[in-house]
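Visitor: One structure coming up, written as structure tokens, with questions to follow.
The values are calculated or read from the model by the stated rules, or taken from the named source; none is laboratory data. Because the structure is predicted, anything quoted here is derived from the model rather than measured. FYI the Cβ positions are ideal-geometry reconstructions off the backbone, even for glycines, and counts take in every protein chain you see. Protein only, heavy atoms only, side chains kept; ligands, DNA and RNA dropped before computing areas. Shrake-Rupley method; radii C 1.70, N 1.55, O 1.52, S 1.80 Å.
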Amino acid sequence: MVSSDSVNSRVETLSSSGIATIPKEYIRPKEELINICDIFEQEKSTDGPQVPTIDLKEIDSENENVRERCKEKYANDQASGKIQGYGSKLANNASGQLEWEDYFFHHVYPEDKRDLSIWPQTPADYIEATAEYAKELRALATKVLRVLSLGLGLEEGRLEKEVGGLEELLLQMKINYYPLCPQPELALGVEAHTDVSALTFILHNMVPGLQLFYEGKWATAKCVPNSIIMHIGDTIEILSNGKYKSILHRGMVNKEKVRISWAVFCEPPKEKIILKPLPETVSETEPPIFPPRTFAEHIQHKLFRKSQEALLNK
């Protein structure tokens, strides 16, 4: 029998305690359990839509047309408070559900936004390696934003400027730790959501678990060696007036292998920029589908809407 105290433990503590059944707070509603089965078998499947793999060497081409085509060939695959530090979602959300994960969250770029006092001290090279990784990701974000700008018929630097430019775009890393789950068919590591970011980059330990919702079905992302997962968030969907889609995705768990992922969210400043469809993306036949909001207002609107939906579905 699982006591109420166990719900207030880190998920890793629950996992290593030897429980055979998970607390009821972690059991997802029936409608969320659709397509949940063996994630390792799902990852091997070639049925249905697949997450495309793009060779990024073309993104560095001196030819603008080559750079633009590097994303265009997959264009139809619509693929507050103290938030840094270790955590688990120990407080129930409006629906009363919990997620089977622990995490560590911290700002990694720009350097003046980092709080190194909370960064892990082990392994010894964590700070150096993570700082270098963040710098490389920031450069990659510029390249991706340039290609996305070209895809909208804009000047290459336009989207980067609209999300804060070199000085203001913030990179936040969330290290997700998904312990072994005795009943993976009933739980989710992360519930279905879209990211509020402009771009999200994800590395993982080659254990499958990421699923993306496409054409009415959940598609499992393949574990491709020497690759990084990138998807578009709400910010770019808003600026593009829906021409680029913020992909709905979720994190699965399993009982065989611990899964770890390193997600980096590229986010605009919370108050300085008004997010709204760019004039070039709007016309008489394609009016703006998003109202003007700051990034902070968008986050609050999304949280409120989610809470209201959860209460209505109770």
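Visitor: Compute, for S16, the solvent-accessible surface of its heavy atoms (probe 1.4 Å) with the complete set of protein chains present, and express it in square angstrom to the nearest 10.
Guide: 80
Visitor: Ok, one more. What per residue convex hull volume, in Å³, do the alpha-carbon atoms of segment 119-164 yield?
Guide: Details: hull volume 3.1 nm³, N = 46.
With only Cα atoms used, segment 119-164 gives 68 Å³ per residue.
Visitor: Now for a separate question. Could you sort 154-162, 197-205, 271-279 so that the peptide with the highest average Cβ count within 10 Å comes first and the rest follow in order? If you can, show how the numbers build up before the last one.
Guide: Details: 154-162: 18.4, 197-205: 21.4, 271-279: 15.2.
Put in order of decreasing packing, that is 197-205, 154-162, 271-279.
Visitor: To continue, here is another question. Please say if segment 147-199 is rounded, prolate or oblate, where rounded means a/c under 1.5 for a ≥ b ≥ c the square roots of the C-alpha gyration tensor eigenvalues, and otherwise the choice is prolate for a/b larger than b/c and oblate otherwise? Mind showing how you got there, number by number?
Guide: Numbers: a/c = 4.67, a/b = 2.53, b/c = 1.85.
Prolate, since a/c reaches 1.5 and a/b exceeds b/c.
Visitor: Only Cα pairs under 8 Å and at least 6 apart count here; give the relative contact order of segment 161-314 as a rounded whole percent. Before the final figure, lay out the partial values.
Guide: Details: 293 pairs, mean separation 49.8, N = 154.
So the answer I get is 32 percent.
Visitor: Still on this model: Considering the convex hull of the alpha carbon atoms of segment 218-258, report its projected area averaged over all viewing directions, in nm², one decimal.
Guide: Details: hull surface 17.0 nm².
Convex hull of Cα atoms, orientation-averaged projection: 4.2 nm².
Visitor: Provide the per-residue ³J(HN,Hα) series for segment 222-231, in order, calculated from phi with Karplus coefficients 6.51, -1.76, 1.60 and θ = phi - 60°, each as a whole number of Hz, with x at glycine and proline positions.
Guide: Once rounded to whole Hz, the list reads 6, 8, 9, x, 6, 10, 10, 7, 10, 9.
Visitor: Accessible area per residue of segment 87-202 at 1.4 Å probe, in Å²? Please list the in-between numbers first.
Guide: Working: 4670 Å² over 116 residues.
Heavy-atom SASA per residue in segment 87-202 reads 40 Å².
Visitor: Straight-line reach from K71: which lysines have Cα under 24 Å away, leaving out those fewer than 8 places along the same chain?
Guide: List returned: K57, K135, K143, K161, K217, K222, K243, K245, K276.
Visitor: If you don't mind, there's one more thing I want to ask. Computed over the Cα atoms of segment 207-306, what is the convex hull's projected area averaged over all directions, in nm²? Provide the component values of the computation, followed by the final result.
Guide: On the way: hull surface 35.5 nm².
One quarter of the hull surface, i.e. the mean projection, equals 8.9 nm².
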